[in-house]
Structures are given as C-alpha cells and as structure tokens.
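Values in this text are rule-based calculations from the coordinates and carry no lab data. This one's a predicted model, so the numbers in the text were calculated from it and none came from an experiment. Note: ideal-geometry Cβ built from the backbone for every residue, glycine included; neighbour counts use all protein chains shown.
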Ligand code: ASP
C-alpha cells in the first residue's frame, strides 16, 4: 500500500514538473528594469518584451524599479520567486555593483541565473544645448578648466553613466560634481532643460536627441567611429584607451526550474532574431550579442569575466557606495 502511494506520488510529481514546463507561461511574465521608464535600458527591455511575448505566446510586461544605480531593482528580482514569472533585464552595472557597494543585498552570480546576453550598446558623451565647446578637443580643455562649474548627470553609483563618468574624470585627472537620477531617462529631461551639463549615455537613449539636434554630442565611447554617427570621434582619440560598451543580460531568480530556464533561453534567442527587435536595435545603435553569448552559459561567462575585470579597477579608484 505504502509502496503504491509512493508510486502515485512520484507519478503526480513528475506530471506536475512536466506540466510546469509545458504550461508555462499561464499568466503575465514581468521583466524588472532597474532604472526609470523612458531610458535606454527600458527601451531595449520594452522592445524585447514584445518579441519575447510572441515567442512565449503570452504577455511580457516591464516593471521599472529604479534607484541606487540599478541595485534596488536587481535586489528585488534576486529575492523574487524562482517561478519564471519575474525576470530581470540589467546591464554592465551587475558586474560593478559587488565592488562599488559595501552592503549589496544580493549576490549577482548566486542569486540570479543568466538566461542570455542580448545587446552590447556603445555610449555617447553629450551635453546640454548651448554648452560652449564646439568639439571634443575643446570640451576636454573646457572640462579641465571649469571642473567647479560643470556637473555630470548619471543614473546612480554603479550605473553605466556613472562608470563612464568615473573613467572620464580619471582620464582628465579632475573631479566633477555628479548628479544622480533614477535612470538616464529623467537625466535626459534635466539635460534638455539645462539643469545638468554633461552626461555619458547609451545610444539607445541618445540617438533620437542627437539626430534631432536637441543635445550637443561630442564623442562615442566605442573604440572606433559608429556607423550611426560618422561625425562623432571616439573619446579615445583625445583620451587614449577610453572604451566602454554596455552589455545587457536577461536573468531569472535562483530556484527557477531548469525546464523554464531552457524555455526562456530558446525564446530569448528567437526573440533576438525577431525582425522588429533587430531593426529597432540597429536604428538605436545597439549591437546584437554573438550567438554564443545568447546562451545561459555564455552570459554567465560574460558576467563572471566582467566582475573579475571591474573589481580591481574600482578598488584602485577607491569609489564606494554605502
Ligand atoms: N543609462 C543608464 C545607466 O547609466 C540606465 C538607464 O536609465 O537605463 O546605467
């Protein structure tokens, strides 16, 4: 009798396990974006959510949880139930947070499972309309001479804009006042209104503003010039070695069943190929990750190597958030 109940239990359990994977999703999936709505990470996540929804035959919605350079939203996702209904879309900040935050309340490599890397996005160095310098060379001298007057907007400690600003200040050997926002969506509004002066931000937020002539653009952070901005020099032409690319990964909280992770991995790879997603990314200057990075293992390898790369750089710069 006892033996039979165990058999029944095992059969029910395995049917449930299969059921979980095949019926998934049976309600909306939420992607947490750890920055404000309307910014560059948000734009990519919302475009991806459409394509992912098509692949999953369900609804995928975005929830913005900004603050503290992305660590509040990432922490929320890390503590969410591992059931496939809460995901996280985050960028390079995931690899700088462990060195920057003394009291980080989650462990990027243990509390979250990478599903796949999606895009690598270059940044641009932009300024409020009417800032005096006419080109990058002039801007470099201007920033050195006016460090007490100029402020730099960013999306909080550990954000990509913060990281780019740190590299800029270190290359110029000058400290500037920084103004944090919950994301560079609201920071862009402040820049357009002239409340802040300069900002580094992904092309996924700056392309429209630059092409529309609404901000002053000085440089790109890629090694060479970008096809979308043939007139903008790389920052490295004035500050040798300056290069920042903002990679983005989709994650699930730890405990998410392997069958659901595999389902999401396949859906993500197909979503990245979606024509509307691909053309929007091209328009915004975001580069699609190579196929081997679009896997859980490839994304994990990227995250681990970036944590190893940025840790010593940040420790040497002695920058911390408490
Ligand atoms: N671009 C931002 C950053 O600096 C974040 C955002 O709003 O997407 O990390």
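Highest mean first, the peptides 302-311, 193-202, 244-253, 75-84 sorted by other C-beta atoms within 10 Å per residue fall in the order 244-253, 193-202, 75-84, 302-311. Measuring nothing but how far apart in sequence close Cα pairs (under 8 Å, 6+ apart) lie, relative to its length, region 20-149 scores a relative contact order of 23 percent.
Can you pull a Stokes-Einstein diffusion coefficient for region 234-308 at 37 °C (0.692 mPa s), Rh from Kirkwood over Cα pairs, as a whole number of µm²/s? Translational D for this selection: 227 µm²/s. Binning the alpha carbon pair distances of the chain at 20 angstrom intervals from zero yields the distribution 33, 53, 12, 2, 0, expressed in whole percent. Rg and Dmax, both from the Cα atoms of region 163-286 and both in Å, are 17.7, 51.
Over the chain, what is the mean sequence separation of C-alpha contacts under 8 Å (at least six apart), divided by residue count, expressed as relative contact order in percent?
28 percent
Ranked by the mean number of other Cβ atoms within 10 Å per residue, highest first, peptides 178-185, 283-290 order as 178-185, 283-290. Here the label points at residue 174 and residue 231, each 7 Å from Cα along the C-beta direction, are separated by 2.5 nm in the simple model.
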